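Since the structure comes first, as structure tokens, the remarks are kept for the end.
Each reported figure results from applying straightforward, stated rules to the coordinates on display, with no laboratory input. Source: prediction; values computed, not measured. Cβ atoms come from the backbone with ideal geometry, glycine included; neighbour counts cover every protein chain shown.
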Amino acid sequence: MAPKNNKRQLQLNLLGLVLFLLILPFFLKMGGGRWALGEVLPGQVSSGGLSLSALRGSYGTKETISAALIGREDVEFTKPQAISAGGRPLGVTTEMLKNMQDFSYLKSRYYIVDSRTTLLPEDIDAEQALGLDFTVEKTKKEPKILIFHTHSHEGFADSDMSKGLSEGIWGAGERLKEILEKQYGIAVLHDSGQYDVVNGKGQITGAYERMEPPIRKILAEHPSIEVCIDMHRDGVSEDTRLVTNVNGKPCAQVMFFNGLCRLNREGTPQTISGLENPYIKENLAFSLQMKTTADRLYPDFARKIYVNAYRFSLHMMPRSTLVEVGAQTNTKQEVLNAMEPLAEVLASVLLAGE
């Protein structure tokens, strides 16, 4: 009986094979063979989206083959898209801008407001501020940026100011000029005026008044200048270290600074007579663009924007900023290292149209 059963089983197997071969072409036309080969369920991969050539030839790596099996068209990992205005990136996502339209969020997230003044909702609208066009035409012929130092003798932890201004904040300004010109093609004029010195002695009081006539003279002599940067270093407690890591280098953190020309008198804002600034909105917008750009490029590099009551040096041009680079507790090298990301932030704002 065994030989007959074996013969019958063989006949059934042959019949099954013939039927399978007859049905196979129809099965493949329906796409069944594709998901069978891939061992995935229908709907994971679109019709025609999976083949042996796609699996082995076009991709070639285990990771990309797995991606093909999963189905790129069905599984999307959406990267938040930055929004733009006039063809220029605003440096924030739609969600970020929505949050920034809430003044309480904007104020707490981006600003430190000195108790002597007050920042009001009407002072800055985030969407308008980020949409302002601060771009300049790149040129190496005539200066587009003026860097100066109202307090040129500010030094760092290991500065020896007896060796000259290059040991302190002025040296950082020279490094920034070099990077902006060589790497980004923006001509820079770096002022060497010493406005914190009177009769050979250090004198900070009155430095902003002494600074203005010479700086206005420079601006009159060089009408191509569109950006003013008054570069300082901050003063902090001796146990505070304003350091972050950028591209593997220890960098001093920076802080953009605004003056509102307005005192806070027991909760009532009061304009300071004689210290007017027609460019407050532009100043605020400029610093916000640089802060959001810095956050996008190098998180933790830029501290919150500091808002003070007075005018400082920000009233001579719309694109004006006062920037604090590190503090007296930073080393010279940390400050010099910070000039590379600072230059990139500036170039990203000023050359955003390119």
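Here is how the numbers come out for the structure above:
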quantity	calculated
Cα→Cβ-extended label distance, 7 Å offset, between residue 272 and residue 93, nm	3.9 nm
Evaluated over the range 156-256, the Cα radius of gyration and Dmax, each in Å	15.6, 44
Residues with amide H under 5 Å from that of residue 246, placed H, sequence gap 5 or more	251
Dimensionless Rg ratio for the range 181-313, taking C-alpha atoms and the 2.2 N^0.38 Å reference	1.22
Extension gain from residue 300 to residue 12, taking 0.36 nm per residue of separation minus the Cα-Cα distance	96.3 nm
Approximate shape of the range 82-350 as ellipsoid semi-axes (Cα gyration tensor, √5λ), whole Å, largest first	26, 22, 20
Chymotrypsin sites (Phe, Trp or Tyr not before Pro) within the range 258-354: DSSP coil, no more than 13 neighbouring Cβ in 10 Å	none
Calculated FRET value between residue 221 and residue 133, using beta carbons and R₀ = 35 Å, to 0.05	0.85
Cα principal axis extents for the range 277-354, largest first, Å	37, 35, 18
Peptide ranges 219-231, 192-204, 336-348 listed from the most packed, as the mean C-beta count within 10 angstrom indicates	336-348, 219-231, 192-204
